[in-house]
Amino acid sequence: MSTARAQLLGRCPRCGAASIFSNKNPLKLAAACPVCGVDFSQNDVGDGPAFFVGTFWCFAAAIGAVVAELTIAPPLWLNLLVCLLVMLVGSLPLLRLVRSILLHQQFRLRLKADGSAQDGVDAR
């Protein structure tokens, strides 16, 4: 499986067979790959995905709110509700993708969460 395809599907960076996400929480990383056993606990991406996705969708929602206010002038509660729904519906699927991409990049560069290099990791 190519690296780009594994990133898009949220697959293991080593074997590409299993998901990197937990079955209980679709946004949380699994502890390890059930197929090849690579440990994901060393590759914590932290709040990076939330920052990038949140920033993007907040700007998009703010621009949409201003355009809606200037063109159709909806009530304030409706404008807030639509912005909140746009941010939630747009950001949740994108969080998973960005988390997968950042984990793959950390794995490829053999970086741990603290920035030091991993030992004995076979990055294909």
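A few comments on the model shown:
- Apart from one condition, VAL98 fits all of (1) over 19 Å from PHE51 (Cβ atoms); (2) surrounded by 15 or more Cβ atoms within 10 Å (Cβ to Cβ); (3) at pLDDT 85 or above; the exception is (1).
- Any hit, region 46-55, residues being acidic (Asp, Glu) and within 13 Å of ARG96 (Cα to Cα): yes
So that you can scan it fast, the table gives a plain yes or no per residue for (1) basic (Lys, Arg); (2) part of a helix (DSSP H, G or I); (3) within 30 Å of SER2 (Cα to Cα):
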{"site": "GLY16", "(1), (2), (3)": "no, no, yes"}
{"site": "PHE51", "(1), (2), (3)": "no, yes, yes"}
{"site": "VAL82", "(1), (2), (3)": "no, yes, no"}
{"site": "LEU95", "(1), (2), (3)": "no, yes, yes"}
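- Test: ALA32 is surrounded by 13 or more Cβ atoms within 10 Å (Cβ to Cβ), touching a Phe, Trp or Tyr at 6+ places or on another chain (Cβ under 8 Å) and either of a type outside the set (Phe, Trp, Tyr) or free of Cβ contacts under 8 Å to residues at least 40 places away in the same chain (or both): yes
- Residue list for region 70-108, restricted to those being touching a Leu at 6+ places or on another chain (Cβ under 9 Å) and without any contact (Cβ under 8 Å) to a residue 60 or more places away in the chain: GLN105
- VAL53 being exposed (fewer than 15 other Cβ atoms within 10 Å of the Cβ), of a type in the set (A, V, I, L, M, F, W, C) and either on the phi < 0 side of the Ramachandran plot or without any contact (Cβ under 8 Å) to a residue 60 or more places away in the chain (or both): no
The values are calculated or read from the model by the stated rules, or taken from the named source; none is laboratory data. What you see is a predicted model; the values in this text were computed from it and never measured. Because the Cβ atoms are built from the backbone with ideal geometry, glycine has one as well, and the counts that use them run over all protein chains shown.
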